[in-house]
Amino acid sequence: MKVKSITVECFKSIYKKTTIEFSDTGLWKISGDVGAGKTTLGEAILFGLFGTVKDTNVKNLISWNAKKCTSSSELESRGHNIIINRLIRKAGQGNLEIYIDGKPLEYTNKRGGQQILEEDYFDITRTAVESLCIISLNNFKSIVKLSAGSAEARKFIDDVFGFNIVNKYIEKTKDHLNTANTKYLELITAINTLNSQKDKYILQKEAIDTDIDFGKIDVLKSLITSKEKELKDLHEEYVNKSNWLQNRKDISTKQMNVIKERGKHIKATIDKLKNGICPLCGGQVNQESLDEYNKQREDLLEQYNVYKDEYNLVTEKINNLRNENTSLQNDLNNEIHSLNNEISKISMQKTLMSNNYDKLISDIDISINEKTKELIAIDIERNKWQTLYDKLYKESRSTLLRHYIPALNKNINYYMQELQQPYNIKFDENFKCTISAFGTNDIPVNSLSVGQSKLVDTGVILGIIKTLLNGVNFNICFLDELVGNMHAELREIVCSMIKKNMPDKLIYIISHAEIDDMYFDGKIKVKLRHWEEDDKLIQNSEYI
């Protein structure tokens with residue numbers, strides 16, 4: 001990627017519309033007072049490319065007392081000429097326009113446009129640009145004296161080599177791992193709670209089984225059997241008695257019918273005899289014969305009444321027997337019904353208890369199975385996150401350093417020779433420094449004098465810069481106060497070596513120190529001016 005120009009307005013201390021055009025290569029010096037805006041130029045490049053500046057809120061990029069900020073960047077990347085126009089407002093609204101080879105890039109939203117830029121057109125990552133665009137002296141303090149395992153060394157490695165992106169992934173991985181672990185514990189707790197509830201229901205079911213006298217059902221059934229036999233016996237006795245009485249009733253009825261027939265014949269005879277003529281011989285009838293027939297009729301009537309009384313008595317007995325039997329049967333049937341109801345009640349209790357508790361226990365088993373499946377899945381997931389976290393946390397830094405270390409050691413020792421120093425510097429994959437010289441293989445870093453440490457650090461700094469710049473396709477680098485604390489001769493040597501050994505880059509050295517202009521291809525003087533406008537204090541960085 002090659003940034004050709006940047007135009008900004010109301011960006012931080014750059015109030016007025018300012019355009020900076022960048023040459024292809026060369027070593028440039030940027031000087032100016034503290035706070036004049038020397039580093040702001042590098043930040044403007046970052047904003048133009050990515051819409052953000054590391055560790056800075058976007059709204060804080062707008063100049064004081066301004067309502068909006070604009071940026072226009074022109075660059076080349078992957079064979080395309082790209083123009084990026086940005087607008088941000090205090091109110092939160094913004095705009096992004098992208099032109100690829102003169103044609104507007106179609107996208108749905110800002111994020112979409114930025115994502116397309118970085119994935120399809122930029123040939124360098126955001127992290128690499130953020131690491132290289134502005135390299136500050138604050139990253140390079142007593143490098144060789146850093147303890148390889150110290151937090152300071154870790155921060156140095158992350159800042160200089162751009163491993164902060166790894167830390168972001170580590171933190172995200174850690175967040176996912178924590179979420180998975182939390183979910184895992186929640187599921188374990190839920191399963192334990194369900195198992196406890198299941199055990200509680202089982203105990204309650206057993207207690208109810210004990211409380212309900214299911215043996216009573218057998219007693220009740222035995223009583224029912226007894227009552228049913230009693231009912232049967234009662235019915236048989238009723239049938240026998242009823243049949244016997246009915247037989248007597250039938251005999252009385254039969255006799256009564258016989259007497260009725262004989263009575264009819266005698267009556268007919270009496271009616272004829274009353275005329276005084278015998279119906280058989282036609283002779284005169286005497287009174288004695290008529291009296292004899294009347295006497296027979298009275299005897300028959302008396303016999304009839306006897307059988308009638310017998311008939312009525314038997315009928316009454318039959319009715320009484322039937323009523324008594326019906327009453328006894330009803331009583332027995334009611335007792336049997338009551339016993340059956342009691343059996344049903346006990347059985348229903350058992351059924352309800354069984355259905356309710358069995359269903360509750362079954363539902364819990366289903367929930368436990370579902371939770372167990374979730375637990376297995378989340379356990380697999382958290383193991384994956386744990387494995388990834390361990391690899392990133394324990395192996396990523398050493399793996400990345402192993403990639404950089406051989407070239408880094410080669411470049412450092414090249415600059416040590418250029419500085420005419422006898423030291424051989426070697427960093428291992430944990431960034432532990434070993435120094436050898438004069439036949440001594442391990443010179444303690446604390447035994448170096450201040451001057452020796454500065455020379456060694458200078459070689460290390462230059463080696464790191466060359467290693468980083470050679471590894472990426474980006475044309476601009478700002479070295480912020482890198483040579484400020486060096487003595488004049490060493491500053492000039494360092495500038496000469498940078499210009500000599502990094503001819504394909506455009507490098508800006510930001511420094512307050514005096515350095516002969518002969519070592520630079522160009523220079524920028526930054527002045528910060530202030531004035532009042534509409535009763536507001538305005539400031540502007542001017543690049544001369």
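Nothing in this text is a laboratory measurement; each read-out follows from the coordinates by a stated rule. Keep in mind the model is a prediction, meaning the values are calculated, not measured. All Cβ positions, glycine included, derive from the backbone under ideal geometry; neighbour counts span all protein chains shown.
Some points to look at:
- Among the listed pairs 38/90; 426/500; 68/174; 241/264; 232/308, a Cα-Cα separation exceeding 29 Å is found for 68/174; 241/264; 232/308.
- What the pair-distance distribution of the range 478-544 shows, using all Cα-Cα distances binned every 5 Å from zero, is 3, 14, 22, 21, 12, 9, 7, 6, 4, 2, 0 percent.
- Think of the chain as having a plus end and a minus end, set by charges on the Cβ of Lys, Arg, Asp and Glu; of 266, 82, 238, 82 sits farthest toward the positive end of this dipole.
- Stokes-Einstein diffusion coefficient of the range 51-113, Kirkwood radius over Cα pairs, 4 °C, 1.567 mPa s, in µm²/s: 100
- Each peptide in 268-275, 401-408 receives the mean, over its residues, of other Cβ atoms within 10 Å, and ordering these scores from highest gives 401-408, 268-275.
- Whichever lysines have a C-alpha closer than 17 Å to that of residue 345, once near sequence neighbours (fewer than 8 apart) are set aside: 216, 221
- Where N is the number of residues in the range 1-72, Cα Rg divided by 2.2 N^0.38 Å: 1.10
- P(r) tail fraction, the range 414-529 - alpha-carbon pairs more than 17 Å apart, %: 60
- If you plug the beta carbon distance of residue 272 and residue 329 into 1/(1 + (r/R0)^6) with R0 = 51 Å, you get a FRET efficiency near 0.35.
- Percentage of interatomic Cα-Cα distances in the range 294-420 larger than 21 Å: 79
- Intensity falloff of the chain expressed as log10 I(q)/I(0), Debye formula with alpha-carbon point scatterers, at q = 0.07, 0.10 Å⁻¹: -0.68, -0.99
- Cα-Cα separations in the range 447-496 greater than 14 Å, expressed as whole percent: 58
- Applying both filters, DSSP loop and at most 10 other Cβ atoms within 10 Å, to the GluC sites (Glu not before Pro) of the range 472-535 gives 514.
- ³J(HN,Hα) computed for each position of the range 319-335 - Karplus, 6.51 cos²θ - 1.76 cosθ + 1.60, integer Hz, glycine/proline x: 4, 4, 4, 4, 5, 4, 5, 4, 5, 5, 4, 4, 4, 5, 4, 5, 5
- The range 373-451: projected area of the alpha-carbon convex hull, averaged over directions, in nm²: 7.4
- Charged-residue dipole, Cβ positions (Lys, Arg, Asp, Glu), the chain about Cα centre, Debye nearest 20: 1020
- Between residue 434 and residue 533, the simple label model (points 7 Å from Cα in the Cβ direction) yields a spacing of 6.1 nm.
- Calculated on the alpha-carbon coordinates, the convex hull of the range 350-495 measures out at 219 cubic angstrom per residue.
- 10 Å-binned pair-distance histogram of the range 293-348 (Cα, whole percent): 20, 21, 17, 14, 11, 8, 5, 2
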